[in-house]
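To start, the structure under review is shown below, and the notes come after it.
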Amino acid sequence: MKDQPANFSDNMHRVDYLTPYAEPMADASSFFDPALRERESLDGPWHFAIDPYDTCLRADWYKEEYTDQAGRPYPVDFSFDEWETVPVPSCWNLLKDEWKWYEGSAVYVRNFDYAPGPVSERQFLMFEAAAHRAYVFLNGQYLGWHQGASTPFRFEVTGKLAAVNRLVVVVNNTRRPDNVPTDNTDWFNYGGLHRGVSLIRLPSTFIETASVALVPDGSFSTVSVRLTIDGEAIDGRAEIAIPELDFNQTFEVAGGVASEEFSLSPELWSPANPKLYEVRIRYNEDEWQDRIGFRQISVEGTDIRLNGQSVFLKGVCQHEESVSHGRTLTEEEIRQNFALAKELGCTFMRLAHYPHDALVSRIADEVGLMLWEEVPVYWAILFDSPEVFADADNQLRELIQRDRNRASVIIWSVGNENADTQARLDFMSRLVTTCRILDPTRLVSAACLVDPSIPAIKDRLADRLDIIGVNEYYGWYDPDFSKLPQIFANSQPTKPVIITEFGADAVAGRRGDAGELFTEDRQLAVYDKQIEVLGAIPYVRGTTPWILYDFRCPRRVNVSQGYYNRKGLLSADKTHRKLAFTAMQAWYRAMG
Ligand code: GCU
């Protein structure tokens, strides 16, 4: 140990203070899908302090050097156990007024007890998500870091646990141009450990990932199982059981992987019949289980087919936000959002613009709603940066690994509203390839912009997609509504189109004439015209108007907006249904 306080001079002179933390990085290659595995929750009160100058990382606070070698106390700049506590999971922005707009680093600290299990047992710390970067320390040791505000990550801590453990997590939500998303978005930049933290115990050899799905060959009578194994025993036989189907089979695992198909005709999952089966897979001492629905989603020319049947995706967009909890929605709020979407007549939802909590797709499986899930490749990403690509690709891989057994998830989206440049085309085409390699059972899309010069649907990325998402705001950002029908007259897509955004802002309860901006009447007028035009386009096979309810947005500063995007069909607190809600509902209901 050095003979003077660590933070005395070093941290003053360290410019590249983050370099020592660059490795190891938690990413999709080390992620495993915990499915319904048992967890020891580490949620609850954590000591907390914002750390505007990132001093914890600069001055190695996590080492907790309180004295010199002779036991003389150092005047340290932190007091982990005396700091106030905050609930984890939560967003710091809604806990105190002075933290509302705070962007930067904050330090979370908690102790937890650990009772040793069998000697062969392995232990993992699992984080469901942390906005945006997280640096994790256990008992004074650095475990690693993760970037990406919306996907899970984990660290193996086998052999690193004591009876009482100290966990220190530095979370940083600084917006950066080289992040995914970049520093400019149309939503609120919440920060913190906004999803759960837990400890998971596993046998020395365990099922790392498992995917169980209907083979999308139109027969609805073949189920594929793919496994990867983590541990020494990489050769052996696994057993899959679906008790309700009286199905029980063993299959070979070789070199830590298995890929097998079985003849099986389960009842098919759909919004009208969200049938789920308990599936169990055993390998060695490990048992993996999940509740899985079997369905096939496909495209046929310009049509979308669910289980072979033509389907119109009656949808709506939603951000992961609530007035009281920010991004940390409660289960009750998730269910309320789904109930409101169903009241609107929806069978489908676009979860914008980043992966929402894992619980969302699990509940959608249960209640019968189809989902579009997206990674935040949003607007002007640094498309020519290999590091940025690695980040986006990693977030996509983490999302797919997390949700690939969710029947509700039918579409992976590789981004939203990006300029049609060559660098972007290359970047997003590679993301499409990642989807196809990791998951051949789902459709791939993106929310594209219209080419306003024609106007027409002319995005080059469309050739790589199964479904073309189109965002258009005619009647609002472009007040000349007559251009909307022109787009469709000028476009001959050979695949289905979903209008992934349209709409207008309206202050809840404000009335006026149909021309008056920010009134419900103006919003209604836009919806009436959109419905009239979109309803007549045969290749438009879905709509997700922007957006279910108003949401916080730091870019919206006029007095009608008040730092809210007011394009919701409902007010931010979801108590007020705007006129356009009823119009949309009537249209969806009329579709039957
Ligand atoms: C864009 C974007 C949304 C945004 C919306 C709006 O299309 O995708 O994130 O909130 O338009 O302007 O309201």
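General remarks:
- Residue selected from the range 450-459 under the condition away from the ligand (no atom under 16 Å from the Cβ) and either of a type in the set (A, V, I, L, M, F, W, C) or surrounded by 23 or more Cβ atoms within 10 Å (Cβ to Cβ) (or both), by the criterion nearest to PHE488 (Cα to Cα): ALA456
- Comparison of VAL170, VAL180 shows that the only residue that is of a type in the set (Val, Ile, Thr), touching a helix residue (DSSP H, G or I) at 6+ places or on another chain (Cβ under 6 Å) and over 23 Å from GLN401 (Cβ atoms) is VAL170.
- Any hit, the range 320-333, residues being within 30 Å of VAL225 (Cβ to Cβ), surrounded by 16 or more Cβ atoms within 10 Å (Cβ to Cβ), touching a residue at least 24 places away in the same chain (Cβ under 8 Å) and of a type in the set (Val, Ile, Thr): no
- Among the residues listed as ALA380, ALA423, ALA390, ALA407, the single one being within 15 Å of the ligand (Cβ to nearest atom) and out of contact with any strand residue (DSSP E or B) (no Cβ under 6 Å at 6 or more places or on another chain): ALA380
- Looking across the range 50-79, the residues that are within 31 Å of the chain's Cα centre (by Cα) and either surrounded by fewer than 18 Cβ atoms within 10 Å (Cβ to Cβ) or not aliphatic (A, V, I, L, M) (or both) come down to ILE50, ASP51, PRO52, TYR53, ASP54, THR55, CYS56, ARG58, TYR62.
- Any hit, the range 527-548, residues being outside any helix (DSSP H, G or I), surrounded by 24 or more Cβ atoms within 10 Å (Cβ to Cβ) and more than 13 Å from the ligand (Cβ to nearest atom): yes
- Screening the range 169-183 for residues that are in contact with a strand residue (DSSP E or B) (Cβ under 9 Å, 6 or more places away or on another chain) and closer than 23 Å to VAL323 by Cα and picking the one that is nearest to the ligand (Cβ to nearest atom) gives PRO181.
Listed here are the residues, each with its yes/no results for (1) aromatic (Phe, Trp, Tyr); (2) buried (at least 18 other Cβ atoms within 10 Å of the Cβ); (3) assigned to a loop (DSSP other than H, G, I, E, B).
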{"site": "MET349", "(1), (2), (3)": "no, yes, no"}
{"site": "ALA364", "(1), (2), (3)": "no, yes, no"}
{"site": "PRO376", "(1), (2), (3)": "no, yes, yes"}
{"site": "LEU396", "(1), (2), (3)": "no, yes, no"}
{"site": "GLN401", "(1), (2), (3)": "no, yes, no"}
{"site": "LEU425", "(1), (2), (3)": "no, no, no"}
{"site": "VAL444", "(1), (2), (3)": "no, yes, no"}
{"site": "CYS448", "(1), (2), (3)": "no, yes, no"}
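- Contacts under 6 angstrom Cβ, first residue in the range 369-382 being of a type in the set (Phe, Trp, Tyr), partner surrounded by fewer than 22 Cβ atoms within 10 Å (Cβ to Cβ) and not in a strand (DSSP E or B), 6 or more apart: TYR378/THR185; TRP379/GLU417
- Qualifying residue in the range 569-587 (condition: assigned to a loop (DSSP other than H, G, I, E, B), of a type outside the set (Val, Ile, Thr), more than 16 Å from the ligand (Cβ to nearest atom) and free of Cβ contacts under 8 Å to residues at least 12 places away in the same chain): no
- Search result, residues across the range 378-394 that are buried (at least 21 other Cβ atoms within 10 Å of the Cβ) and in a helix (DSSP H, G or I): PHE389, ASP391, ALA392, ASP393, ASN394
- Any chance THR433 is of a type in the set (Ser, Thr, Tyr), more than 19 Å from HIS353 (Cβ to Cβ), away from the ligand (no atom under 16 Å from the Cβ) and part of a helix (DSSP H, G or I): yes
- Of the strands (runs of 3 or more DSSP E) contained entirely in the range 83-188, those carrying at least 2 residues that are touching a Ser or Thr at 6+ places or on another chain (Cβ under 6 Å) and buried (at least 20 other Cβ atoms within 10 Å of the Cβ) fall at 164-172.
- Filtered residues of the range 460-506 (kept if crowded, with 19+ Cβ neighbours inside 10 Å, away from the ligand (no atom under 14 Å from the Cβ) and among the small types (Gly, Ala, Ser)): ALA462, SER491
- Flag for VAL533 being within 31 Å of the chain's Cα centre (by Cα) and modelled with pLDDT of 95 or more: no
The values are calculated or read from the model by the stated rules, or taken from the named source; none is laboratory data. Because the structure is predicted, anything quoted here is derived from the model rather than measured. Here the Cβ is made from the backbone with ideal geometry for all residues, glycine too, and neighbour counts use every protein chain on show.
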